[in-house]
Amino acid sequence: MVRTLAKISLVLLIIVSLPMGFYLVREFSALSKNEEMVERVFSTQLESILYSINQYSENVVQQWSQSLDHPVDPQGELMQGLTENLFAKNEALKAVRFSDLNSREQQAVYFADSVFTIDRWPGQSQLDVLRGYLESNYQRVEVEPFNDKLMLYFLPKNRNGEQLCQLVVERQAFIQQNLSPMIQQVAHDIFYISIADSLSNQVLFTTGDDSGLAQTMAYADMWYLPGHRLGIRLKSKTLVDLATERTQRDNYMLMGVGLLVVLGFIFVVINIRKEMKLAEIKSEFVANVSHEIRTPLALISMYSETLLLKRVKTEEKQAEYLQTIHEESARLTGIVNRILNFSRIERNRIKYHFDRIDLQQALPEIVADFNAHLSAAHVECQCESGEPNTWVMADWESLKTLVGNLLDNAMKYSDKPEKRIKVRLLKKPNQVWIEVEDNGIGISAKHQKYIFDQFYRVTEGDLAHRAKGSGLGLNLVKRIMKAHGGSVSVQSKLGEGSTFSLKFPRKEKE
Ligand code: ADP
């Protein structure tokens, strides 16, 4: 059995564990690849968000430049109105200056509030670039730092590249008034978007009260705010947190699946073991019963044949043979009845007729039924009748089966020259016990746990091995006691004897 089990276990192990193992290894290696891909996709998305913010700031300054691009005289009333309108709408805009591109002469200057000197002129190369754009019909706006502010400049299309328009813009106000609403909208509840000084990393603006730049996931330089950069990160967790969490979750799941497979494997092996043990026990049972039946059958056929052939001369001998036939057929009936009872109980077909029975009166009567049997086996049996009023609810036939089985075993499992059995009735607070004590071979502690299991037989020791039996008797006793709401237990010492106790719930007399 052990070898077959080992074989089955090995096959199961190969069938289940190998693919599982491959799968786990593959999953673990795939995890890090997936992580990389997620990170790539994620940072591309973040970059595109930052790009859209930059694009938006370009649109803002483009709109300013377009509204100032006019064929009218820069000093005229219309331009005055246009710039005032622009100042009113954009707090960040502090000054607008128009100059002749060739002579560098100032043509007009407008201030939002305070007046200051504007003494900056773009480099020739930048102007050439702007001219180039203008030739392709595109009015580009350039930017450069101007003291603590910014200087935006462009060549108005309507002035044919002869004029330079410069705008002085305050950074903080530009961020707060012109960019902040759009950034808040993009950030939503999901991101923190911040603007920080590129050199010092000092946060100048953020959509939340968060200033944890260390956890920023993506950066981008700001096109119209030189020396500034945009940063973005997830509000709740960093990507590293998310990735770790996901990996951990996946790992736990994989481990869970692995554990389930191992448990399933153990479960299957245990079940196979049980089934194999049961098959073994059943085949032993068939062998035992056949063995038990064969002896009485052989005796009956031998003695009846002798009688039929009239080979027996004396009448005493004839009577003796007939007695043997009678006893052996009674034994056969006993065996068959036990098997039938067992199978009836097994299929829940047995019907109990419970009556109120006073065991003090009933027990001696039941034991007396076995007296002939006991004295034929030279067994001395004492029955202590106990206290009066020991009432129980019991089925009379079952009581006989219970006591009969225990007496049978007490006789069978004894190799002492003087076999002694004591049957006692004990009155406990809520129970009534019938105890059957013998001075037989006893049962070792390791077997005591199993003797009430079906088909279980002790095969250690000479007598236990030789004695005939089916391993059903004590299981029958256990099941009948359960149907009576009681139980059976054993106390035994190897070589000294055993005491079996049938424990019934006590029924008070009404
Ligand atoms: P069996 O048909 O083998 O007697 P039982 O279910 O009646 O089956 O008993 C199970 C096993 O318990 C027996 O094989 C025997 O080894 C052990 N046993 C039962 N009663 C006694 C006893 N009085 N003394 C020693 N061993 C016993």
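The values are calculated or read from the model by the stated rules, or taken from the named source; none is laboratory data. Source: prediction; values computed, not measured. We place every Cβ from the backbone using ideal geometry, glycine too, and count neighbours over all the protein chains shown. The area values use the complete protein model at the heavy-atom level, side chains included, leaving out ligands, DNA and RNA. Shrake-Rupley method; radii C 1.70, N 1.55, O 1.52, S 1.80 Å.
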Expressed as a whole-number percentage, the relative contact order of the chain with C-alpha contacts under 8 angstrom and at least six residues apart is 10
Computed accessible area, residue 353, all protein chains, 1.4 angstrom probe, square angstrom: 120
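Considering only the other residues whose Cβ falls under 15 Å of the Cβ of residue 147, what net charge follows from Lys and Arg at +1 and Asp and Glu at -1?
Working: positive: 94, 97, 120, 149, 171; negative: 119, 144, 148, 170.
With Lys, Arg at +1 and Asp, Glu at -1, the neighbours total +1.
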Relative contact order of segment 105-211, please, whole-number percent, based on alpha carbon pairs below 8 angstrom and at least 6 residues apart. 13
Gain on full stretching of the segment that runs from residue 138 to residue 245 - 0.36 nm per residue minus C-alpha separation: 33.6 nm
Roll a 1.4 Å probe over the protein chains and send me the accessible area per residue for the chain in Å². 57
Run the paramagnetic zone check for residue 493: 7 angstrom along Cα to Cβ, then residues of segment 428-445 with backbone nitrogen under 20 Å. 435-445
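So in the chain, what percent of DSSP beta bridges are antiparallel if you round to the nearest 5?
Restricted to the chain, the bridges split so that about 90 percent are antiparallel.
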Under 16 Å from the residue 459 label point (7 Å along Cα→beta-carbon), backbone N, segment 307-346: none
Kindly identify segment 64-121 as rounded, prolate or oblate by the Cα gyration tensor criterion: order the square roots of the eigenvalues as a ≥ b ≥ c, call it rounded if a/c is under 1.5, otherwise compare a/b with b/c, prolate if a/b is larger, else oblate. oblate
All lysines inside 22 Å of residue 427 as judged from Cα atoms, apart from same-chain residues fewer than 8 positions distant: 400, 478, 482, 503, 507, 509
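Using only the C-alpha atoms of segment 98-206, find the volume of their convex hull and express it per residue in Å³.
On the way: hull volume 16.0 nm³, N = 109.
It is 147 Å³ per residue.
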I'd like the FRET efficiency for residue 40 and residue 262, computed as 1/(1 + (r/R0)^6) with the beta carbon distance as r and R0 of 35 Å, rounded to 0.05. 0.45
Keeping every protein chain in place, order 223, 391 by accessible area at 1.4 Å, biggest value first, i.e. largest first. 223, 391
Once amide H atoms are built 1.01 Å from N in the peptide plane, which residues 5 or more positions from residue 94, or in another chain, come under 5 Å H to H? 168, 169, 170
Give the peptides 495-503, 259-267, 355-363 in descending order of average Cβ contacts within 10 Å, highest first. 495-503, 355-363, 259-267
Ranked output for segments 160-167, 126-133, 312-319 by mean other Cβ atoms within 10 Å, highest leading, reads 160-167, 126-133, 312-319
Of all C-alpha pairs within segment 230-346, those more than 23 angstrom apart amount in percent to 66
Once the piece of chain linking residue 450 and residue 221 is laid out straight, how much longer is it, given 0.36 nm per residue of separation minus the C-alpha distance between them? 74.3 nm
In terms of solvent-accessible area of protein heavy atoms at a 1.4 angstrom probe, what is the ranking of 396, 64, 121, highest value first? 396, 121, 64
Going by a ≥ b ≥ c, the root eigenvalues of the Cα gyration tensor, does segment 374-457 fall in the rounded group (a/c under 1.5), the prolate group (a/b larger than b/c) or the oblate group? oblate
Tell me the label-point distance for the pair residue 408, residue 275, using the 7 Å Cα-to-Cβ offset, in nm and rounded to one decimal. 3.2
Apply the Karplus curve 6.51 cos²θ - 1.76 cosθ + 1.60, θ = phi - 60°, to the phi angles in segment 149-165 and return the couplings in whole Hz, x for Gly and Pro. 10, 10, 10, 9, 8, 7, 9, x, 4, 5, 10, 6, x, 9, 10, 10, 10
Measure of exposure for residue 117: accessible area at 1.4 Å probe, Å² rounded to 10, is 110
When the helices in the chain are scored as -39500 (n - 2.57) per DSSP H run of 4 or longer and the sum is shared across all residues, what 222 nm value do you end up with, to the nearest 500 deg cm²/dmol? -17000 deg cm²/dmol
As an exercise, use a Förster radius of 30 Å and the Cβ-Cβ distance of residue 33 and residue 190 to find the FRET efficiency, rounded to the nearest 0.05. 0.70
Over the Cα atoms of the chain, what Rg and Dmax result, in angstrom? 52.5, 163
Under the 7 Å Cα-to-Cβ spin-label approximation, residue 317 and residue 235 lie apart by a distance in nanometres of 11.3
How would 14, 195 rank on accessible area, largest to smallest, probe 1.4 Å? 14, 195
Give me the one-decimal nm value for the distance between modelled label points at residue 326 and residue 339, 7 Å along each residue's Cα-to-Cβ direction. 2.6
Carbon and sulfur together cover what percent of the accessible area of segment 107-146 at a 1.4 Å probe radius? 48
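Label segment 1-123 by shape, choosing from rounded, prolate and oblate, from the square roots a ≥ b ≥ c of the eigenvalues of the Cα gyration tensor; if a/c is under 1.5 it is rounded, and otherwise prolate applies when a/b is larger than b/c, oblate when it is not. Kindly include the intermediate steps, with their values, before the conclusion.
Details: a/c = 7.00, a/b = 5.78, b/c = 1.21.
Taking the square roots of the gyration eigenvalues as a ≥ b ≥ c, segment 1-123 is prolate.
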How high is the FRET efficiency from residue 75 to residue 202, r the C-beta distance, R0 51 Å, rounded to 0.05? 0.80
Mean Kyte-Doolittle of at least 0.5 plus a Cα span of 27 Å or more along the axis: flag which DSSP H helices in the chain meet both, please. 239-308
Roughly how many whole Å is it from the C-alpha centroid of segment 442-510 to that of segment 169-202? 86
With every protein chain left in place and a probe of 1.4 Å, what is the accessible surface of residue 253, to the nearest 10 Å²? 130
